[in-house]
Amino acid sequence: MKKIKIQNIVLILSLLCFLGCKKNTEVKENGPKKHINLLWRNNRFDWITPSIITDQNSLFFGSLNNHFYSVDITTGAVHFKIKTDYNPFYKGIINKEHYYLTNYASALKCYYSNGTIKWTLQGDTTINKDITAKNQYLYGTLKGIGYSKINSTDGAIVWHLPQSEINTRTNKAAFYKDKIYLGVAENASKLLAIRDHDGSIIWENSYPEYNEINQVPTDKGILVSLSKDYKVGQMQLLNYDTGKIIWKQTYNCDTYYPPCIVGDNVIINATDHTIISINSNNGKTNWILKLKNDQADTSIIAFKEQLYFGTLRRKLYNIALVTGKVTFVENFKYGLSTPVICNHKLYFPTGGCELWELK
C-alpha cells in the first residue's frame with residue numbers, strides 16, 4: 001500500500017512538472033537556434049508530452065482537452081482527433097487502423113480512427129505502465145485475471161499468468177525471439193522469462209535488495225537495471241535461456257528511464273548527475289559525462305553516432321557516442337520531452353506544444 005502511494009505521488013509530481021513546462025520561465029530562447037529549427041507550434045493542442053509517440057509520418061499524443069490526436073509530424077496538420085472520457089496521459093499503442101489507449105480507471109480500449117470503440121477490457125492498476133505490443137498481440141495486466149497475452153483484433157485472451165505469480169507491479173515486457181522477459185517489483189524485484197506461445201515460466205530471478213527494475217534486450221543477453229528507491233543500483237547482463245549472470249556492475253542507474261543500447265554500448269542516465277557509457281561485453285565503463293547542477297530528464301536517444309537528451313534545466317544535450325564529449329547544448333523556454341525519430345529525422349517536442357527538428 002505504501003508503494004502504491006509513492007507511485008501516485010510520482011505520477012502527480014510528473015503531471016505538475018509537465019504543467020510547469022508550459023509556463024514561461026526566465027530561460028531566453030535568444031532568437032534562432034544554431035542546430036535545430038522550429039517546425040511548428042500549436043497551443044490549442046494542449047498536449048501531454050509523456051504520451052507522445054510516432055508512426056510513419058504521424059505524431060500521436062493525448063491532450064488536456066480529453067482528445068487523442070494524430071497530426072502530420074512536419075506541419076502539425078490534424079489527421080484526426082478522438083474524443084475520450086479522460087485525458088490520455090499514457091502512451092498509446094498504434095497498430096494500423098486501430099489505437100489502444102488506457103485511462104486512470106485502468107480500462108484498455110481499442111479505438112477506430114473515427115473514435116468508435118471496438119472493444120474494452122478492464123485492466124489492473126498496473127496496465128497503464130505495463131501495456132506493450134508485439135505483432136498482433138498486446139501484453140498487460142487485466143483485473144481479476146493477471147498478466148495476459150491479448151489478441152489485439154478482438155480483445156480475446158490467449159493466455160494469462162496465475163495471479164499468485166503476479167500480484168505486484170509489472171513493467172513493460174522485453175521480447176527476444178520466442179521469449180518474454182517481465183520485470184516485477186514491489187518491496188522486492190524479480191525477472192521472469194516466459195514462453196510467448198503458452199505463457200509458461202522458463203526461469204525466475206529474484207532481487208530482494210532492490211525495489212525497481214527494468215530490462216532491455218541486447219545482442220549479448222537481457223540487460224537488467226536494478227535500484228533501491230532510485231538511489232543505489234546494479235546492472236546485470238543475463239543469459240537469455242538460463243538467466244545466469246554474464247556480468248554485473250554497481251551503478252546508480254535511474255531505472256525510470258531504460259538504458260540506450262547502441263551496438264556494444266549501453267548508455268545510462270545515473271542518479272548522480274552523470275551520463276555513463278558501459279561496454280556490454282564486460283560491464284566496464286567507457287566514459288562518464290558529469291552534468292553540472294543538472295540532471296537528464298528524458299530518455300537518451302541515439303541518432304547517427306550521436307546521443308540526445310533533455311534535462312531538468314530545459315537544455316538539450318548532444319554528445320558523441322564514442323567519447324561522451326559534448327557536441328552542443330541548446331537552451332529552451334519550455335521543458336523537453338524525449339526526442340523522437342521518424343522517417344530518419346530527429347524531432348524534439350516541448351511542453352509549449354512545439355516541435356523542433358535537428359538541422
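The values are calculated or read from the model by the stated rules, or taken from the named source; none is laboratory data. Just so it is clear, the structure is predicted and the values come from calculations on it, not from any experiment. Using ideal geometry, Cβ is built from the backbone for each residue, glycine included, and neighbour counts are taken over all protein chains shown. Note: accessible area is taken over every heavy atom of the protein model, side chains too, but ligands, DNA and RNA are not part of it. Shrake-Rupley method; radii C 1.70, N 1.55, O 1.52, S 1.80 Å.
Arrange the residues His35, His79 by how much accessible surface each exposes, largest first, with a 1.4 angstrom probe.
Result of the area sort, largest leading: His79, His35.
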Counting only protein heavy atoms and rolling a 1.4 Å probe, one gets per residue an accessible area for the stretch 123-165 in Å² of 42
Of the heavy-atom accessible surface of the chain (probe 1.4 angstrom), what whole percent is carbon and sulfur? 51
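So, R0 is 25 Å and r is the distance between the beta-carbons of Ala188 and Asn282; what FRET efficiency does that work out to, to 0.05?
The computed FRET efficiency comes out at 0.35.
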So what is the relative contact order for the stretch 202-359, in percent, with contacts set as C-alpha pairs under 8 Å and at least six apart? 11
Net +/- balance of residues flanking Leu336 in space, Cβ distance below 11 Å, scoring K and R +1, D and E -1: +1
Order the following by accessible area, largest value first: Arg44, Arg313, Arg195. Probe radius 1.4 Å; ligands, DNA and RNA are ignored. Arg44, Arg313, Arg195
For each pair in Lys109/Lys190; Lys177/Lys345; Lys34/Lys83; Lys33/Lys325; Lys143/Lys333; Lys172/Lys284, compute the distance between the two Cα atoms and list the pairs where it is over 32 Å. Lys34/Lys83; Lys143/Lys333
Over the heavy atoms of Phe328, what accessible area does a 1.4 Å probe trace out, to the nearest 10 Å²? 20
Which residue, chosen from Ala185, Asn135, Gly115, occupies the Cα position most advanced towards the positive end of the dipole of the stretch 98-190, where the dipole is computed from +1 (Lys, Arg) and -1 (Asp, Glu) charges on Cβ about the Cα centre? Asn135
Order by accessible surface, 1.4 Å probe, largest leading, for residues Ser277, Ser200 comes to Ser200, Ser277
Counting each DSSP H run of 4 or more residues in the chain as -39500 (n - 2.57), what helix-only mean residue ellipticity at 222 nm follows after dividing by all residues, to the nearest 500 deg cm²/dmol? -2000 deg cm²/dmol
What does the charge add up to near Pro217, with Lys and Arg as +1, Asp and Glu as -1, over the other residues with Cβ less than 11 Å from its Cβ? +2
Kindly list the residues of the stretch 242-281 that lie in the label zone of Lys292, defined by a backbone N under 17 Å from the point 7 Å along the Cα-to-C-beta vector. 273-275
What does the net charge come to around Ser227 if you take all other residues with beta carbon closer than 11 Å to its beta carbon, with K and R at +1 and D and E at -1? -2
Magnitude of the Cβ-charge dipole of the stretch 85-129, K/R +1 and D/E -1, about the Cα centre, nearest 20 debye? 120
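With +1 on the Cβ of every Lys and Arg and -1 on the Cβ of every Asp and Glu, and nothing else charged, how large is the dipole of the chain about its Cα centre, in debye rounded to the nearest 20?
With Lys and Arg at +1 and Asp and Glu at -1, about 720 debye.
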Which is the longest stretch in the chain that no exposed loop site breaks, taking sites as GluC sites (Glu not before Pro) with a DSSP loop state and at most 11 other Cβ atoms within 10 Å? 98-208
Which value in nm describes the separation of the simple spin-label points at Tyr104 and Val329, placed 7 Å from the Cα toward the beta carbon? 3.7
Treating the beta-carbon of each Lys and Arg as +1 and of each Asp and Glu as -1, no other charges, what is the dipole magnitude of the stretch 201-279 about its Cα centre, to the nearest 20 debye? 120
